[in-house]
2 protein chains.
Amino acid sequence: MIFEKLKDVNESDLAELLTDFQKIMKRESFSKKELLHKEGTVCNHLFLIEKGIARSFYYKDGKDITAHFAIENGTITAIDSFIQRKNSRYNIELLEDSEIISISHQDMHDLLQEKPQYEKYIRIFLEQIYIDLAERIEDLLFHTAKERYDKLVESTPNLLQRVNLKHIASYIGITQETLSRIRTQV
Amino acid sequence: MIFEKLKDVNESDLAELLTDFQKIMKRESFSKKELLHKEGTVCNHLFLIEKGIARSFYYKDGKDITAHFAIENGTITAIDSFIQRKNSRYNIELLEDSEIISISHQDMHDLLQEKPQYEKYIRIFLEQIYIDLAERIEDLLFHTAKERYDKLVESTPNLLQRVNLKHIASYIGITQETLSRIRTQV
DNA sequence: AAATCTATTTGACAAATGTCAAATAATGAA
DNA sequence: TTCATTATTTGACATTTGTCAAATAGATTT
């Protein structure tokens, strides 16, 4: 299932939506370290990870900060830019050789114009990612670095094997050294 | 303008939407300290603040944590519960005597069934609040407590005069004592 | 395998923030 | 106004996390 966030919606409606979305999806292979999106430009695509792993990141005081990871069946884009049509501060980078499906903003916009009944699913998608984000805020506010780390490991067990420690560290808002120390604690 | 987040959309479309939404809006007066929503129940309303101020909060290890403030023209709900139709961890409390407009989930659902063209506006609304939330995450991750405080003061200057320090402190993720010290620094 | 590059860990110390208790200030009720 | 309650500030100290430098471990290339 590609639109992971829509998995609970009515299946027959969804089938039609998928058919229409298939038409505007473009599948492509990319190598590790390639950028799907570069900062300073408007992000015109929503990416679905079919195989592989991607992260969005940006630079804060010269430091590379991971904002989001996406693995198989997940989605990623420079969300602020994709929504607001303004230049993005984010880069999107592949951390493994990957198979990526991309949907252009324009195509999606056109499809929604043509079939406004799909707005509902976009709305549901947004609701889901909003909830995810709200949970992340709670996490940052009310859990220690160790708790955040444990929670991430639990929710995405094999992320650690696939991603550098420094990316995990910046994602949970701590330095690499602190994360290293946390891991060795019993 | 009540739907603050929709202010950039096409005005003629919006006028019709507003007319329809007016029909499902209920205006009510509440006193300071009243709860618009109580934790442990499903939140069935979206609230618009016409006059006054509200906050959503919950308890973490016995401590009262503010998740969100809403002042005039803003919206508030127990968003996780409103979206997912499950019991909420949040309470919504009024911090002043207030005039509140409420929209029931059911009425909104029915209206969207009847006029699916409005889905688009809900989508835009969600996009906007998603961006707000994403900014809040960046804020928490990459700004010091003092920077977060200054930013809040700048974005909502009179919040301080209207809200207890402890609520501001928990909102920006620090203790009341730390906030008190931050404020006296030059 | 050796050399090189990259990732992770460790040490020593500094800075930021938290905790708990108490003092002071502000507010609201009698 | 006075008293009682609530809000804010301050002090002393503990804990968490950051910074910078160096050491070690692991991976990749030759």
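What the table below lists for this structure:
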read-out	value
Test set (1) within 11 Å of DNA strand D (Cβ to nearest atom); (2) free of Cβ contacts under 8 Å to residues at least 12 places away in the same chain - residue B:167 fails condition number	(2)
Condition met for residue B:170 (within 16 Å of DNA strand C (Cβ to nearest atom), outside any loop (DSSP other than H, G, I, E, B) and either in contact with a strand residue (DSSP E or B) (Cβ under 6 Å, 6 or more places away or on another chain) or among the charged types (D, E, K, R) (or both))	yes
Conditions (1) within 12 Å of another protein chain (Cβ to nearest Cβ); (2) open to solvent by less than 70 Å² (accessible area, probe 1.4 Å); number of the one not met by residue A:68	(2)
Output for region A:23-50, where each listed residue is surrounded by 14 or more Cβ atoms within 10 Å (Cβ to Cβ) and part of a loop (DSSP other than H, G, I, E, B)	A:34, A:39, A:43, A:44
Matching residues, region B:100-109, being farther than 18 Å from residue B:68 by Cα and either open to solvent by 10 Å² or more (accessible area, probe 1.4 Å) or acidic (Asp, Glu) (or both)	B:104, B:105, B:106, B:107, B:108, B:109
Test: residue B:137 is under 30 Å from residue A:128 (Cβ atoms), away from DNA strand C (no atom under 14 Å from the Cβ) and hydrophobic (A, V, I, L, M, F, W, C)	yes
Meets criteria (more than 9 Å from every other protein chain (Cβ to nearest Cβ), surrounded by 17 or more Cβ atoms within 10 Å (Cβ to Cβ), among the hydroxyl-bearing types (Ser, Thr, Tyr) and within 30 Å of residue A:58 (Cβ to Cβ)) for residue B:149	yes
Residue check, residue B:90 surrounded by fewer than 19 Cβ atoms within 10 Å (Cβ to Cβ) and hydroxyl-bearing (Ser, Thr, Tyr)	no
Given (1) more than 12 Å from DNA strand C (Cβ to nearest atom); (2) touching a helix residue (DSSP H, G or I) at 6+ places or on another chain (Cβ under 7 Å), index of the condition residue A:176 fails	(1)
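The values are calculated or read from the model by the stated rules, or taken from the named source; none is laboratory data. Computed from a prediction, not measured in an experiment: that's the story for all the values here. Here Cβ is always computed from backbone atoms with ideal geometry, including for glycine, and neighbour counts include all displayed protein chains. Protein only, heavy atoms only, side chains kept; ligands, DNA and RNA dropped before computing areas. Shrake-Rupley method; radii C 1.70, N 1.55, O 1.52, S 1.80 Å.
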